[in-house]
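For reference, the structure discussed in these notes is given below.
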Amino acid sequence: MAGEYDFMLPEDRAQKVAELTNKRQAWTSTRSRGMARFVLFNNFWREAVFIILWGFLFAVCLLHLNIALVLRATMLILLLGRGFNLLEWHWNERRYFHRSNRQSAIGSKEPR
């Protein structure tokens, strides 16, 4: 049975292998900093600034919602962001780290 990358040109296959290698190296450098740092602080400031500005400008000024309700929703969204970072950590671990010892499916010519 033909694999996903069997009908790809060799140049395109080489480009895919290079992209996968770059992503794996980037994940290895991120992984070396630690799981707690990634889960707690990855995209935290971007999320916090956006959620706080949205909460106070849109919800309080335009919808006239209670500030306590906006703060609860802000905290919930920031906690959900940490949960999604944890999922991203496990996804990247499975995708890049556990396969790092094996040859990529893109670069190999042998059937799986």
Problem set entry | P(r) of segment 41-98 over all Cα-Cα pairs, binned every 10 Å from zero, in whole percent | 22, 39, 23, 12, 4
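Hand me the GluC sites (Glu not before Pro) from segment 1-60 located in a DSSP loop with no more than 12 other Cβ atoms within 10 Å, in residue order please.
Details: sites: GLU4, GLU11, GLU19, GLU47; in loops: GLU4.
Loop-located and lightly packed - GLU4.
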Exercise. Considering every pair of different Cα atoms, what Kirkwood radius, in Å, is found for segment 33-72?
Worked result: 11.4
For this session: Specify, per residue and in Å³, the volume enclosed by the convex hull of the alpha carbon atoms belonging to segment 1-96.
Result: 158
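Read-outs throughout are calculated quantities, based only on the coordinates presented, and are distinct from any laboratory measurement. Keep in mind that what you see is a predicted model, and the values were worked out from it rather than measured. In this analysis, Cβ positions are derived from the backbone assuming ideal geometry, glycine residues included, and neighbour counts consider all displayed protein chains.
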